[in-house]
Amino acid sequence: MTAQVFRGIGVSPGVAIGRALVIEARRPRAKREVLDPSRVPAEIARLTKALEDTRRQITEVQGRIASEVGAQYGRIFDAHLLILEDRLLAEETVKYIQAQHVNAEYAVQEVLEPVRQAFSRIEDGYLRERRSDVDDVGDRILRNLLGQRPTIHIERRGETILVARDLTPSDTAALQRESILGVATETGGRTSHSAIMARSLEIPAVVGVESICAHVKNQDTVILDGLEGLVIVTPDREILGHYHARKQHLDYLGRTLHKLGSLPAETVDGYRVRVTANIEFPAELAQAKAHGAEGIGLYRSEFLYLDRPDLPTEEEHFAVYRAVAEDMQPRPTIVRTLDFGGDKLASAIHLATEENPSLGLRAIRLCLHRPEMFRGQLRAILRASAFGPLRIMYPMISGVAEVRAANALLHEVKAELTEAGIPFDKAIQVGAMIEIPSAAVIADLLAREVDFFSVGTNDLIQYALAIDRVNEQVAYLYEPLHPAVLRMLRTVVSAAHNEGIWVSMCGEMAGDPLYGLLLVGLGFDELSMTPASIPLVKRIIRSITYSQAADLGHRLFGCATAQEVEQLLRQEMRSRFPEYISSAPSGHSRASSD
Ligand code: PEP
Ligand code: MG
C-alpha cells in the first residue's frame, strides 16, 4: 500500500503514530412522522425528557472538561446550555408538535433550521462559527430522541488518532490525555476550539487538512506530525521507522526543554530577555509558573466579564487581581484593562450593532466612553497593587490623547485612594499596547507618556494588512513577516529605547519559535506568550548571541516580500534548530503519494 502525505496547519506540536478513527461527518436526521392527535401529550413528554437528558449530558461533559483541562475550557459549554435553555427552543418545538401533530425529533430539526441558516448568513467569522454550537446542541437532542449513542466512542485507548472533518466542542470532550494520541481535522485554524484544547492537553494536532476524511479508513496506520503540519496515511516500514525515531527524539527534547524553564532567557553573550506568560484566567497561573514564566506579560481581564448577565463589581475585580498579584509575586503581572468589542463580546455591556466592530467602539475607546465602569477597574488594580507587583496596560491605543485621558482618570482615582488612606503602589507602571498602526507610527510621541509598550501583533497585523484575524478566507494573507510589519516593529522598539522605556511583545508572534531570533535581534526586552511555548523560546534565546540575532535582523530587512523574509528566516532557523522548526511554511496543499 502506498503512503499518502497530506499537509495542513500544525497547531499543536509533537509526533503521534497510531490507528485512525474516522469521525463520520454524518449528522443525525429525523424523518417526518404524522401522529394521531391523542399521542401529542406523550410526544411532548418525550421531548421534555430528551431536553433534560441533553442538559445533564452537557453539564457532565462540562464538569469533566473543567476538572481535566481547566475551568476556562469548561465554559465553552456555557454557550450550549444557553442555547438549550432558551425558552424559545422548547416552546416553539412544543407548538410545532401541537400544530403539526408530528414527532418530536422532526419538530426540533425544523425549529432549529432557521436559526442555523441565520448563523450561516452572518458575515462576522467569529459569530458564524457559533453555528457549530447550535448544531452540536441540536444533534445531541436528536440523538437522545433517536436513541443513538453520543458522537465518539474510543475502543482502542492509547492507540487512536482522530480524523474528522471538524470536531465540535462535544467531540473534543473525548480528547482525554490517555486515550487520544493525536487529532487531524479538515477545517479549523489556530484559534478553533479543537486547536486550543489540543494545545492545552499537549496532544499533537494538524488542522486544515484538505479532504483527509475521504482518504483514510478506520484502523489505517496514521502518522501525525504537529510541528511540520503533516499527516501520513498507511506509511511503509521505512517511513514508520523514521517517525518512530523522530518521536523518540522529540519526546527526549521535550523532557530536556522542560528543565530549561527555570533558567533565564539569556543569549550566549549575556543579552537578557524577560519571558512571561499570557493568561486569561487565574487558574492558568500554576501552568505559567511550571513552564518558567518570569511574570505575566498579558492578563486579559475581559474574561472576567464573559458569560454573566451583569458587570463585575470593583470588589470582584479586586479579589481576582489581588489573588493573581499574591500568587505571582515577586514576579510582576501586567493587567490589561478591559478590551471589549471586535471578536470579544459580553452580554452585560450592551453595544449598538456596528457595521465594523473591529473598528468600532471597543477597548480603551469604550472605557473612556464609560468612565464609571473604567474607574472601578482602575481602582481595583491599584488597590490590589498593595499586595504584589502589578502593572496597568491600556489596549487599542491609537494616539496620545487617549493615553492622556486614561492617565487623567487614573490620576483622579489615585487621589481618591490617597485621600481615603487606602494603600497602593504609588510607582505603578503604566503601559500602552501598540496594536494599531497609528500608534506604531507615533511611537516616539507615545513613549513620552507611558512606562512601557507591549506590541499586540494579533491586532497590529490585522489592521496593518487589512486582514480580518478571524476570517479563514483571507488567512493566507495574514503575514507576520510582511516587511511593513517588520518596519513597524523596528520603529516601535527604537522609539521606546530612545525614550528610555522597555518594550514587550504579547501577540501570538512572540511565542512562535520561528521568530525567536528575529525578535531578539530587533531588541525586544520582553516576550509574553502561551505558557507551554516558554521553554522552547528560552532554549532558542540561550543558544545564540545577540550579534548573530541582530545580524540576521539586518539581512531580513533587505527582503522585499513576506515570502522572501520567511524563506531566509526558516533556512537560518532550521540550520540552527532543525528539530523544532518545520521545513515548509504552514498552508494547505493536496495529498501526494510516495
Ligand atoms: C494582540 O492583539 O496581539 C493581543 C495580544 O491582544 P488580543 O489577542 O487579546 O486582542
Ligand atoms: Mg489585541
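The values are calculated or read from the model by the stated rules, or taken from the named source; none is laboratory data. Worth saying up front: this structure is predicted, and the values here are computed from it rather than measured. Positions of Cβ are generated from backbone atoms using ideal geometry, with glycine treated the same way; all protein chains shown enter the neighbour counts. Accessible surface is based on the protein model in full, side chains and every heavy atom, while ligands, DNA and RNA are left aside. Shrake-Rupley method; radii C 1.70, N 1.55, O 1.52, S 1.80 Å.
Ligands, DNA and RNA left out, the 1.4 Å accessible surface of the chain is 52% carbon and sulfur atoms. What would the Debye formula give as log10 I(q)/I(0) at q = 0.11, 0.15 Å⁻¹ for the alpha-carbon point model of region 37-146, no solvent? Listed by q, the Debye log ratios stand at -0.38, -0.67.
Once the chain from D36 to L361 is taken as fully extended at 0.36 nm per residue, the excess over their C-alpha distance is 111.5 nm. In a reduced charge model with +1 at each Lys and Arg Cβ and -1 at each Asp and Glu Cβ, the chain shows a dipole moment near 900 debye about its Cα centre. The mean of 1/r over all pairs of different alpha-carbon atoms in the chain, once inverted, gives a Kirkwood hydrodynamic radius of 25.8 Å. In this calculation the C-beta distance from S67 to A401 is compared with R0 = 45 Å, giving a FRET efficiency of 0.45.
Distance between the pseudo-spin-label points of I467 and L568 (7 Å out from Cα toward the beta carbon): 1.9 nm. At full extension, K95 and E110 could sit 4.2 nm farther apart than now, given 0.36 nm per residue minus the alpha carbon distance. Geometric descriptor of region 362-453, per residue, is 83 Å³ (volume of the convex hull of the Cα atoms). Computed on the chain, with alpha-carbon pairs under 8 angstrom and 6+ residues apart, the relative contact order is 16 percent.
In nm, to one decimal, how far is the modelled label at K414 from the one at E326, with both set 7 Å along Cα→Cβ? Going by the 7 Å Cα→Cβ label model, 2.6 nm. Calculated accessible area for the chain comes out at 43 Å² per residue, all protein chains present (probe 1.4 Å; ligands, DNA, RNA ignored). Stretched out straight at 0.36 nm per residue, the stretch from R121 to L263 would grow longer than its current Cα-Cα span by 46.1 nm.
Please give me the summed charge of the neighbours of M328: other residues whose Cβ is under 12 Å from its Cβ, Lys and Arg +1, Asp and Glu -1.
0
The per residue volume of the convex hull around the alpha-carbon atoms of region 493-538 is 64 Å³.
Once Rh for region 1-58 is found with the Kirkwood sum over Cα pairs, what is the Stokes-Einstein diffusion coefficient at 4 °C and 1.567 mPa s, in µm²/s? List each step's numbers first, then the result.
Details: Rh = 17.2 Å.
Calculated translational D: 75 µm²/s.
Along each principal axis, taking the top coordinate minus the bottom one, the Cα set of region 279-427 gives 44, 39, 30 Å in descending order. At 1.567 mPa s and 4 °C, plugging the Kirkwood radius over alpha-carbon pairs of region 247-314 into Stokes-Einstein gives what diffusion coefficient in µm²/s? Estimated diffusion coefficient is 89 µm²/s. Distance between the modelled labels on K426 and R19, one decimal in nanometres: 7.1 nm (7 Å Cα→Cβ projection). For E52, neighbours were defined as the other residues whose beta-carbon sits under 13 Å from its Cβ, and their charges (Lys and Arg +1, Asp and Glu -1) total +2. The accessible area of D220, taken with all protein chains in place and a 1.4 Å probe, comes to roughly 20 Å². For the chain, give the share of DSSP beta bridges that are antiparallel, in percent and rounded to the nearest 5; count only bridges with both residues there. Expressed as a percentage, antiparallel bridges in the chain total about 35. Of L556, G516, V15, whose Cα points farthest to the positive end of the dipole of the chain (charges on the beta-carbon: +1 Lys, Arg; -1 Asp, Glu; origin at the Cα centre)? Toward the positive end, the furthest listed residue is V15.
Whole number please: convex hull volume per residue, Cα atoms of region 451-551, in Å³.
107
For region 264-576, the direction-averaged projected area of the alpha-carbon convex hull comes to 15.6 nm².
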